[in-house]
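Structure first, commentary second.
Since every read-out is calculated from the coordinates, none of them should be taken as a lab result. Note that the structure is a prediction, hence the values are computed from the model and not measured. Positions of Cβ are generated from backbone atoms using ideal geometry, with glycine treated the same way; all protein chains shown enter the neighbour counts.
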Amino acid sequence: MAKNFKSIYDSQNDAIALEQKFFIVEESTRGVFAVPTAADFLFTLSGGSVNFTQPVESSPHRSGRHHTSVIKQKTSTEWSLPTFFNIDTTLGQSVAEIDPALRVLWKSLMGKEDITGGSPVYTSGEAPDITFSLYENGDLWAVQAPGSFVESNNATFPGDGQSQMEWAGMSKTALTVGIGNSLIDNSSTSTVTVQAGEGVRFPVGAKLMLIDSADGVTRLDATAATPLTVVSVTGDVVTVDTPIVTALTDTILAYYEPEEPHVAINDPQTGLQGSITIVGLSNVTDCVRSAGINMVNNHELQDFCYGEEGLGGRLFTPGGRFTAEVTLELNLNKDLSGFLNKIKDFTGEDITLILGDATGRHFQLEVPKAIFSIPEISVPDTGTIPISFTGNAYQTALDAADEVTASYL
């Protein structure tokens, strides 16, 4: 059933959490909104969010014993998205086996996407250089965040749970957008006059669409594919960048959302099939309790630009070291005792993780040189003795940039 914006506007309910959905589309210019399509939708898990903050402090002006005004600080926009590893296992090797939005996230994290083999392969061989527009749409509300980029990805592969990723990053800013109703003919103007008190729902820069109130679904003018952009707001008169053509006296002005059906892959690989191997130590990994890798870009945020409320300039610089922390939890046994002695050499372990059916479409993570710290051994009262290994991934040679390779095969 298509989303009915008229019904949503007329509803007396509060916003419903289950209506949250995300769209991600790569920008051609950093920090300038790109427009998503239905194919830019991405299935996410609960807990995703886009958070805009701006600290304030009481003004230090002398005003007696009473607070009079505030001083604003720089804005900050941070976001997080938990996802499964969705792979279309019905396809042959191609870029279509993962969502376009997921490809954008991987490119923003790793920097380099190689599709010469058919399916995407991601490495840190190039510095991250893209931004994307992130749209978080609910029912009564939406958050639109241009200039978004990935700072980290924490991928976990538990033996007794579901494999998933936690993406996190920053954006240039975030605009909270609502829904309004116009009961006058706005045609031949560049303004939409909404009901009393509703103008504040449409911040400058927001992406909007006009909806026919008769069915609550039909996009008017060209806003099905090209949203309106808010230029200014005076009271309840919203000025947009494109003249209104359609002559109707009852329209809905709403945050932009691509027309349904929204397209995304719904085929999560959760870890019921897969393997983890360490070169030369196959017996050690016959039972891996859990594995994980936390990849962090350590970008320098350009929040120091004069005249900018938040991030300015190029928004970020990949000026820190790309760091990937690898974790493994294994049971102590006769084979692991040798492994404990081997890691004391600090020469690095060659690890390959496969998620899914290795004979079909699957995800593969390669860490050719993981150097672990020497773990503590804590013996529980009963049961097996789990040992946790934590270390970092390293490149195999100077400028190899091969510490992590994430492949869809």
Please list the equivalent ellipsoid semi-axes of segment 288-330, computed as the square roots of five times the alpha-carbon gyration tensor eigenvalues, in descending order and whole angstrom. 35, 9, 5
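Could you tally the net charge around Leu210, taking each other residue with its Cβ under 9 Å from the Cβ of Leu210, Lys/Arg +1 and Asp/Glu -1?
So the environment of Leu210 carries a net charge of -1.
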Cα centroid separation, segment 146-225 to segment 277-308 (Å): 32 Å
Looking only at Pro268, Pro227, Pro243, which one moves most when the chain is put into a Gaussian network model with springs between Cα atoms under 10 Å? Pro243
Low-density loop positions, trypsin sites (Lys or Arg not before Pro), segment 1-83 - DSSP coil, at most 13 other Cβ in 10 Å: Arg62
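Divide the volume of the convex hull of the Cα atoms of segment 274-408 by its number of residues and quote the answer in cubic angstrom per residue.
It comes to 171 Å³ per residue, whole-number rounded.
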Loop-only trypsin sites (Lys or Arg not before Pro) in segment 101-179, please: DSSP not H, G, I, E or B, and at most 11 other Cβ atoms within 10 Å. none
What percent do you get for the relative contact order of the chain when only Cα pairs under 8 Å and 6+ apart count? 17 percent
Which of Lys334/Lys369; Lys6/Lys172; Lys107/Lys207 have a Cα-Cα distance over 27 Å? Lys6/Lys172
Would you mind classifying the chain by shape? Square roots of the alpha carbon gyration tensor eigenvalues, ordered a ≥ b ≥ c; an a/c under 1.5 is rounded, otherwise it is prolate if a/b is larger than b/c and oblate if not. prolate
Defining a contact as two alpha carbons under 8 Å apart and six or more residues distant in sequence, what relative contact order in percent does segment 274-408 show? 25 percent
Surface/4 estimate of mean projected area, convex hull on alpha-carbon atoms of segment 97-190, nm²: 10.5 nm²
